[in-house]
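Below is one structure, written out as structure tokens; the observations come after it.
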Amino acid sequence: MDILALTSLGLVAACGRDDRLEVYPVHGKVLYRDEPAAHAFVVLHCEGGSESLQKLRPHAHTNMDGTFAITTYARGDGAPAGEYRVTVMYPSVPPGADPNDPDEATGPDRLQGRYLDPETSPLIISVSEQENHLDAFELE
């Protein structure tokens, strides 16, 4: 690759980073019927804010103990400061599948869609310009 191509790639990469909003660590836990919700998928939907913030969908998969760290750009980096509605999808693990393998959690949503719509989800959080430790989401 010639020097012009390498320089162009560097400029494109640098420009992409400049467009990123600052993010702050966000950690939480999902419980379902007082038990850790392993392999649930959590998504943050911004309530208001700039157009660039509206386009982002910070997200996470829960660990076996129900804990999660939100990702916006890089794994576990966090989310921009703001108010968010939170959606959660908690897939069931089909019979015979390994419950410890997140790729095996492919069944229907155990929450029956109650937390899937950002317009109606009762889960609302605020991300501030610091490390954020959320109260556990206790789902029924």
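The values are calculated or read from the model by the stated rules, or taken from the named source; none is laboratory data. A quick note: this is a predicted structure, and the numbers were derived from the prediction, not measured. Here the Cβ is made from the backbone with ideal geometry for all residues, glycine too, and neighbour counts use every protein chain on show.
In the stretch 81-101, what residues are touching a residue at least 12 places away in the same chain (Cβ under 8 Å) and over 15 Å from the mean Cα position of the chain (by Cα)? Residues satisfying the conditions are 91, 92, 93, 94, 99, 100.
Evaluate the stretch 48-56: report whether one residue or more is modelled with pLDDT of 95 or more and within 13 Å of the chain's Cα centre (by Cα). No; the residues of the stretch 48-56 include none that is modelled with pLDDT of 95 or more and within 13 Å of the chain's Cα centre (by Cα).
Every test in (1) touching a strand residue (DSSP E or B) at 6+ places or on another chain (Cβ under 8 Å); (2) closer than 13 Å to residue 38 by Cβ; (3) surrounded by 13 or more Cβ atoms within 10 Å (Cβ to Cβ) is passed by residue 65 save one, and that test is (3). Would the stretch 18-41 turn up any residue that is at pLDDT below 95, farther than 23 Å from residue 109 by Cβ and not in a loop (DSSP other than H, G, I, E, B)? Yes, because at least one residue in the stretch 18-41 is at pLDDT below 95, farther than 23 Å from residue 109 by Cβ and not in a loop (DSSP other than H, G, I, E, B).
Within the option set 76, 107, being small (Gly, Ala, Ser), in a loop (DSSP other than H, G, I, E, B), at pLDDT 95 or above and in contact with a strand residue (DSSP E or B) (Cβ under 7 Å, 6 or more places away or on another chain) holds for one residue only, 76. Checking every residue in the stretch 57-71 against the condition of being among the charged types (D, E, K, R), within 17 Å of residue 129 (Cβ to Cβ) and out of contact with any helix residue (DSSP H, G or I) (no Cβ under 7 Å at 6 or more places or on another chain) gives zero matches.
So is residue 112 in contact with a Phe, Trp or Tyr (Cβ under 7 Å, 6 or more places away or on another chain), surrounded by fewer than 15 Cβ atoms within 10 Å (Cβ to Cβ) and of a type outside the set (Ser, Thr, Tyr) or not? Judged against the criteria, residue 112 is not a match.
Selection of the stretch 111-140 for residues being among the charged types (D, E, K, R) and either at pLDDT 95 or above or closer than 15 Å to residue 83 by Cα (or both) yields 114, 117, 119, 129, 131, 135, 138.
Look at the stretch 114-140: where a residue is within 22 Å of residue 21 (Cα to Cα) and a partner is surrounded by 11 or more Cβ atoms within 10 Å (Cβ to Cβ) and among the basic types (Lys, Arg), sitting 6+ places away or on another chain with Cβ atoms under 8 Å, you get 118/85; 124/85; 134/29.
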